Amino acid sequence: MALGDSFTEGMSDPDPDRHGRYRGWADRLAERLAADAHQAGEDFAYANLAVRGRLLDDIVTRQLDAALELGPALVSIVGGGNDILRPRADIDALALRLERAVARIRASGADVLMATPTDPRGAPVVQRTRGRAAVYSAHIHSIARRHGARVIHQWGLSFLQDWRMWAEDRIHMTSEGHRRVAEAAYAALHGLDVTGEWADPLPARALAPRRERLEQDARWAREHLLPWATRRLRGESSGDRILAKRPDLRPLVPVEASPPQPDHPVDRPARPPG
């Protein structure tokens, strides 16, 4: 089960098989785990309840309640990023709500995967949240140690400091960014070292001329920052009319190894190795 906001929904990683939908790191990780399960002769099922714009309170209540009813063996829970953007966010209170959710998941017998925020250093506007994001990251590692959870340490993934990993809105990752984070998630679940081509930086490139960078910044502010600020003033969210893309646990197996997936949910997925 994957719980969260736009990051776990998969923005901006278009799904080539579903027009208008996103794939994302969680779907990519599930596909990798499904392949492992198939090789071991086991079944695997997956659900993704994440919706863009969601605050942590929604994730640790409605999403989590729905997830636990399905009896998952592994739950990824990543949230708080939208809360941190708010200047008056109480980071300690956010961490307490997250820890209570993790404790509920662990009490159900499921494993837990979390993720720290990325380091917003150098990001326009968002870099002002760096201190809050750093404190939240420290809380997440502490929660993981207390409850035996796994963590994707995004703060330390140096390739995410490259703007080529980010979409035009400078908030969501490109397909390449999601692919690499899925690899980092797989490594975190299995206790593997953060090594391999996915962890390597992209080849260096020349810095664009200052005028071009200023034009890009102006276009970003007009096309992305202004609409976001307008929604905030109206009390609206980008996910107000969006439903979870995969609300039920459904069999997920490698495409080359199976017929088309059935539409009905199953009771419980096999626990992934590790």
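The values are calculated or read from the model by the stated rules, or taken from the named source; none is laboratory data. In this text the structure is predicted, and so the values were computed from the model without any measurement. Note: ideal-geometry Cβ built from the backbone for every residue, glycine included; neighbour counts use all protein chains shown.
Residue 168 - would you say it is of a type in the set (Asp, Glu), at pLDDT below 95 and not in a helix (DSSP H, G or I)? When the stated conditions are applied, residue 168 passes them.
Of the candidates 274, 177, the single residue that is part of a loop (DSSP other than H, G, I, E, B) and either modelled with pLDDT under 80 or touching an Asp or Glu at 6+ places or on another chain (Cβ under 9 Å) (or both) is 274.
Here the condition is being closer than 20 Å to residue 151 by Cα, of a type in the set (A, V, I, L, M, F, W, C), surrounded by fewer than 24 Cβ atoms within 10 Å (Cβ to Cβ) and within 15 Å of the chain's Cα centre (by Cα); of 60, 102, it holds for 60 alone. Among the residues making up the range 1-56, a single one is of a type in the set (Ser, Thr, Tyr), within 17 Å of residue 72 (Cβ to Cβ) and part of a strand (DSSP E or B): 46. When the range 134-148 is limited to residues that are among the hydroxyl-bearing types (Ser, Thr, Tyr) and touching a helix residue (DSSP H, G or I) at 6+ places or on another chain (Cβ under 6 Å), the one that is nearest to residue 182 (Cα to Cα) turns out to be 137. Of the residues making up the range 238-250, at least one is surrounded by fewer than 17 Cβ atoms within 10 Å (Cβ to Cβ), modelled with pLDDT of 90 or more and among the β-branched types (Val, Ile, Thr).
Residue by residue, here is whether (1) surrounded by fewer than 22 Cβ atoms within 10 Å (Cβ to Cβ); (2) farther than 20 Å from residue 177 by Cα; (3) over 15 Å from the mean Cα position of the chain (by Cα); (4) free of Cβ contacts under 8 Å to residues at least 24 places away in the same chain holds:
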position: 2; (1), (2), (3), (4): no, no, no, no
position: 5; (1), (2), (3), (4): no, no, no, no
position: 12; (1), (2), (3), (4): yes, no, no, no
position: 16; (1), (2), (3), (4): yes, no, yes, yes
position: 29; (1), (2), (3), (4): no, no, no, no
position: 42; (1), (2), (3), (4): yes, yes, yes, no
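Inclusion of residue 151 among residues that are surrounded by 17 or more Cβ atoms within 10 Å (Cβ to Cβ), in a strand (DSSP E or B) and either touching a helix residue (DSSP H, G or I) at 6+ places or on another chain (Cβ under 7 Å) or touching a residue at least 40 places away in the same chain (Cβ under 8 Å) (or both) is warranted.
How many residues are in a helix (DSSP H, G or I) and either farther than 17 Å from residue 164 by Cβ or not aliphatic (A, V, I, L, M) (or both) if we restrict to the range 194-224?
17
The set of residues from the range 184-217 being surrounded by 11 or more Cβ atoms within 10 Å (Cβ to Cβ), under 29 Å from residue 111 (Cα atoms) and either touching a residue at least 60 places away in the same chain (Cβ under 8 Å) or among the aliphatic types (A, V, I, L, M) (or both) comprises 184, 185, 186, 187, 188, 189, 190, 192, 194, 199.
Residue 167 satisfies every condition listed in (1) within 18 Å of residue 5 (Cα to Cα); (2) in contact with a Leu (Cβ under 8 Å, 6 or more places away or on another chain) except (2). Residues in the range 57-101 that are touching a residue at least 60 places away in the same chain (Cβ under 8 Å), assigned to a helix (DSSP H, G or I) and within 19 Å of residue 128 (Cα to Cα): 81, 82. The test for being farther than 23 Å from residue 33 by Cα and buried (at least 16 other Cβ atoms within 10 Å of the Cβ) holds for residue 91.
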